[in-house]
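Colleague: My questions will all concern the structure given below.
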Amino acid sequence: MADITLAEVRRWDKEDSLRPLRAAFRLPPGVIYLDGNSLGPLPRTTPRRLDAVVRQEWGHGLIRSWQEAGWIDAPARVGGKIARLIGAAPEEVVVADSTSINLFKLLAASVRLQPAAGTGARRKILIEAGSFPTDRHVADGVAALLPDVEVVAVAPAALPGALDAATSVLLLCDVHYRSGVRHDMAALTRAAHAVGALAVWDLSHSAGAVKVDLHAAGADMAVGCGYKFLNGGPGAPAFLYVARALQAAARSPLQGWIGHAAPFGFSEFYAPAEGMGRFLAGTPGVLGLAALACGVDLMLTADAAAVWQKSARLFDLFAARMSRRCAGLQLITPADARLRGSHIAFRYDGAEAVMAALIAEGVIGDFRPPDVLRFGLTPLYTRYEDVWRAVEVIAEIVGPAK
């Protein structure tokens with residue numbers, strides 16, 4: 001990409017088909033927000049929706065709102081909306097708990113679907129070394145409870161070769177949280193299936209940002225969070241997916257009353273609900289679900305192809321401007337759009353100090369240790385001018401290219 005002027009990027013913004021969606025968010029004046037891959041900004045519809053839930057549904061409807069306002073069905077209803085963003089059927093996705101808790105449910109369920117100990121058991125959970133820490137923590141927790149299970153972490157290039165007859169589950173993040181590198185979900189899922197393993201995917205850095213098609217990839221199970229690209233608010237509930245063919249046999253290790261086949265029968269003994277309902281456990285968090293629904297509804301108004309095309313163009317602009325203005329930062333995110341998510345990352349020895357200085361100047365990205373500057377590219381509200389100006393501020397802080 002040739003050097004580009006501020007006037008040119010302003011023209012791009014004027015012609016951007018997604019431009020009207022920026023006004024749907026409350027973005028502070030004077031701030032260039034490039035951290036929506038950590039926490040999405042506030043949709044303008046969210047305060048009004050939460051006010052209605054609090055004042056009307058809770059304040060006036062009281063307990064009647066579990067039925068009259070549809071609170072009890074919210075996990076499946078919001079999950080059905082998210083299904084449209086990840087290539088799943090509505091009855092394959094529910095919203096509940098956090099990503100970590102949902103991942104624990106799915107890993108335990110996946111291992112239990114494999115042959116039992118003493119019968120040629122599969123016992124390995126295979127993960128990528130250096131992936132998001134909580135995925136490793138959760139996998140280790142499952143292994144600690146199941147003595148015949150171990151967690152094996154290997155480099156990305158070694159993953160296909162590490163899949164063998166002992167592998168029970170392949171657990172991978174679709175998009176790497178630090179570098180932005182994206183796996184070939186379909187190819188690795190096929191490789192897992194070829195040795196009889198199940199494939200579980202963490203979509204936390206891809207759902208709502210890049211095209212995800214779980215059905216086309218043949219994925220068995222997946223989790224993802226609601227507070228990044230889905231703009232559900234801090235601590236928003238997460239979602240989980242289980243392919244329809246596995247639902248009848250899969251059992252969640254967290255057996256709570258909402259996951260019971262007859263929750264209001266108050267039976268002393270547990271019987272799992274049909275379908276995805278069995279992966280619920282405790283009482284749904286109504287306020288969090290209401291806020292998440294606002295973010296997901298907003299995401300669903302955008303043309304998915306336009307979102308990804310703009311993400312790619314934002315990346316190209318960012319990378320090209322950085323190479324010209326501050327070449328001392330090493331781009332670690334793949335230039336090929338097919339191999340990455342929707343953020344851009346650079347390695348720099350003084351990354352932590354640089355990010356602190358950027359935030360002080362109103363350019364909000366984030367730092368990931370030991371030396372990575374990371375910037376989210378969120379096409380619904382990020383302008384080309386934002387990227388152009390952000391690079392100018394970075395150049396002022398680290399110095400121009402030599």
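Colleague: Inside region 343-365, can you point out the residues that are within 25 Å of Gln309 (Cβ to Cβ) and free of Cβ contacts under 8 Å to residues at least 40 places away in the same chain?
Modeller: Phe346
To keep it simple, each residue is scored yes or no on (1) over 22 Å from the mean Cα position of the chain (by Cα); (2) more than 20 Å from Asp174 (Cα to Cα); (3) assigned to a strand (DSSP E or B); (4) modelled with pLDDT of 95 or more.
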position: Arg324; (1), (2), (3), (4): yes, yes, no, no
position: Ala335; (1), (2), (3), (4): no, no, no, yes
position: Phe346; (1), (2), (3), (4): no, no, yes, yes
position: Glu352; (1), (2), (3), (4): yes, yes, no, yes
position: Ala356; (1), (2), (3), (4): yes, yes, no, yes
position: Ile359; (1), (2), (3), (4): yes, yes, no, yes
position: Pro370; (1), (2), (3), (4): yes, yes, no, yes
position: Arg374; (1), (2), (3), (4): no, no, yes, yes
position: Pro379; (1), (2), (3), (4): no, no, no, yes
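Colleague: Going through region 117-157 one residue at a time, which ones are charged (D, E, K, R) and part of a strand (DSSP E or B)?
Modeller: Lys124, Glu128, Glu150, listed by residue number.
Colleague: Suppose we filter Arg368, Arg389, Arg340, Arg321 for residues that are among the charged types (D, E, K, R), closer than 22 Å to Leu6 by Cα, out of contact with any Leu (no Cβ under 9 Å at 6 or more places or on another chain) and in contact (Cβ under 8 Å) with a residue 12 or more places away in the chain; which single one remains?
Modeller: Only one candidate qualifies: Arg321.
Colleague: Under 6 Å by Cβ, and 6 or more places apart or on different chains, what pairs join a residue from region 97-114 that is outside the structural domain of Ala245 (by TED's automatic domain parsing) and farther than 13 Å from Leu280 by Cβ with one that is surrounded by 18 or more Cβ atoms within 10 Å (Cβ to Cβ) and at pLDDT 95 or above?
Modeller: none
Colleague: So, of the residues in region 236-251 that are surrounded by 23 or more Cβ atoms within 10 Å (Cβ to Cβ) and small (Gly, Ala, Ser), which turns out to be farthest from Ala76 (Cα to Cα)?
Modeller: Applying the filter and picking the extreme gives Ala250.
Colleague: Looking at region 219-235, which of its residues are under 21 Å from Ala187 (Cβ atoms) and either surrounded by fewer than 24 Cβ atoms within 10 Å (Cβ to Cβ) or more than 13 Å from the chain's Cα centre (by Cα) (or both)?
Modeller: Ala219, Asp220, Met221
Colleague: Turning to a different aspect of this structure: Is one or more of the residues making up region 154-174 of a type outside the set (D, E, K, R), without any contact (Cβ under 8 Å) to a residue 24 or more places away in the chain and over 26 Å from Ser342 (Cα atoms)?
Modeller: yes
Colleague: Output the number of the condition that Gln114 fails; it satisfies all remaining conditions of (1) surrounded by 16 or more Cβ atoms within 10 Å (Cβ to Cβ); (2) within 29 Å of Asp366 (Cα to Cα).
Modeller: So Gln114 meets the others, but not (2).
Colleague: Could I ask something else about it? Is it the case, given these coordinates, that Ala155 is modelled with pLDDT of 95 or more, more than 21 Å from Ile344 (Cβ to Cβ), out of contact with any Cys (no Cβ under 6 Å at 6 or more places or on another chain) and outside the structural domain of Tyr348 (by TED's automatic domain parsing)?
Modeller: yes
Colleague: Ile127: β-branched (Val, Ile, Thr), touching a Lys or Arg at 6+ places or on another chain (Cβ under 9 Å) and surrounded by 15 or more Cβ atoms within 10 Å (Cβ to Cβ), yes or no?
Modeller: It is true that Ile127 is β-branched (Val, Ile, Thr), touching a Lys or Arg at 6+ places or on another chain (Cβ under 9 Å) and surrounded by 15 or more Cβ atoms within 10 Å (Cβ to Cβ).
Colleague: Only one of Val307, Val286 is crowded, with 18+ Cβ neighbours inside 10 Å, under 21 Å from Ala83 (Cα atoms) and not assigned by TED's automatic domain parsing to the domain that holds Leu230. Can you tell me which?
Modeller: Residue meeting the stated conditions: Val307.
Colleague: Name the residues in region 158-205 that are out of contact with any Gly (no Cβ under 7 Å at 6 or more places or on another chain), polar (S, T, N, Q) and not in a strand (DSSP E or B), would you?
Modeller: Hit for region 158-205 is Ser179, nothing else.
Colleague: Which residues, counting only those in region 163-196, are over 21 Å from Ser206 (Cβ atoms) and surrounded by 18 or more Cβ atoms within 10 Å (Cβ to Cβ)?
Modeller: If the condition is that a residue be over 21 Å from Ser206 (Cβ atoms) and surrounded by 18 or more Cβ atoms within 10 Å (Cβ to Cβ), then Leu163, Thr167, Ser168 are the ones that fit.
Colleague: Residues to consider are Ala293, Ala238, Ala245; find the one that is within 24 Å of Ser179 (Cβ to Cβ) and among the hydrophobic types (A, V, I, L, M, F, W, C).
Modeller: Only one candidate qualifies: Ala238.
Colleague: Oh, and also: Go through region 1-18 and give me each residue that's surrounded by 15 or more Cβ atoms within 10 Å (Cβ to Cβ) and not acidic (Asp, Glu).
Modeller: Within region 1-18, Ile4, Val9, Trp12, Leu18 meet the criteria.
Colleague: Further question: Which of the residues that make up region 216-237 are out of contact with any strand residue (DSSP E or B) (no Cβ under 6 Å at 6 or more places or on another chain) and at negative phi?
Modeller: Scanning region 216-237 gives Ala216, Ala217, Cys225, Gly226, Tyr227, Lys228, Phe229, Leu230, Gly232, Pro234, Ala236.
Colleague: Can you name every residue in region 126-141 that is β-branched (Val, Ile, Thr) and touching a Ser or Thr at 6+ places or on another chain (Cβ under 6 Å)?
Modeller: Thr134, Val138
The values are calculated or read from the model by the stated rules, or taken from the named source; none is laboratory data. These figures come from a predicted structure and were not determined experimentally. For neighbour counting, all protein chains shown are included, and Cβ atoms are generated from backbone atoms with ideal geometry for every residue, glycine included.
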